Amino acid sequence: IDYNIKQLLIVPIIIGNKVIGVINLDNVFYIKDIINLLESFSEQAAVAINNARLYQKIQDSYFEIVKALAQAIEVKDPYTHGHSERVMQYTVLIAQKLGLPEEEKESLKYATILHDIGKIGVRGIVLNNPNGLTGEEYDEIKEHPLVGEDIIKPIELLQPIRPLIRHHHEWYNGKGYPDGLSGENIPLGARILAVADAYDAMKSDRPYRKALTEETAIQELRQGSGTQFEPK
């Protein structure tokens, strides 16, 4: 306790009828102009805090809607159940390791949850084919990044992730799809997503094979470094 304080001015920050904080000034003269200024600042602070809370609620609700959209594809392709959630966890870990800004990490979260949304346009018999794909069926699968981009195109808030949805199957050596981009021409987020997506796919059961072990999956990623995946 500071016993040298002779005067203390406390102005509450109020939202609704609830005090959520206070502004303290010690040893200040009780000048009316200062009190009026602090009251005005308190009101503005309350509005800003309330708006921030509302914005966070909107963001949280929006993300839940996005996850619900992603679950639509999991109903069609039961082998991908939980895939998007797991890939999101991997991409966030990679993004943190790389020290990416919060804004880029948020974009990656949305892109990861929705990266396979275009598979809604792929026939179920193709998604669940236990015998491997024909050339025609593989061409149909290769359309899903473009379909996914088209699905989110009208949504203003998802514009930043369109390149990640479109390019998450590009290969570092230029032999991926849909545009044959190579190297750093592939957006960084798409390169991160490609690694996380492939890792989870290898560790999951598919209609045509059993899941690989973690050791084997990591070995496959290393073998693909510089060809399919980012070499760094």
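Scan segment 179-186 and tell me whether some residue there is buried (at least 16 other Cβ atoms within 10 Å of the Cβ) and without any contact (Cβ under 8 Å) to a residue 60 or more places away in the chain. For segment 179-186, residues buried (at least 16 other Cβ atoms within 10 Å of the Cβ) and without any contact (Cβ under 8 Å) to a residue 60 or more places away in the chain: present.
For the subset of segment 139-153 comprising residues that are under 21 Å from Ser84 (Cα atoms) and without any contact (Cβ under 8 Å) to a residue 24 or more places away in the chain, which member is farthest from the chain's Cα centre (by Cα)? Per the criteria, the residue is Glu140. Scanning segment 181-195 turns up no residue that is touching a helix residue (DSSP H, G or I) at 6+ places or on another chain (Cβ under 9 Å) and hydroxyl-bearing (Ser, Thr, Tyr). In the condition set (1) within 23 Å of Ala70 (Cβ to Cβ); (2) in contact with a Ser or Thr (Cβ under 6 Å, 6 or more places away or on another chain), Gly174 is compliant with all but (1). Do you know which of the residues in segment 184-220 that are among the hydroxyl-bearing types (Ser, Thr, Tyr) and closer than 16 Å to Gln89 by Cβ is modelled with the highest pLDDT? Ranking the candidates gives Tyr199 first.
Do the conditions hold for Gly132, that is, is it closer than 24 Å to Val92 by Cβ, out of contact with any helix residue (DSSP H, G or I) (no Cβ under 6 Å at 6 or more places or on another chain) and touching a residue at least 12 places away in the same chain (Cβ under 8 Å)? Answer is no for this residue.
The values are calculated or read from the model by the stated rules, or taken from the named source; none is laboratory data. Quick caveat, the model's predicted, so the values are computed rather than measured. Cβ: placed from backbone, ideal geometry, glycine included. Neighbour counts: every protein chain shown.
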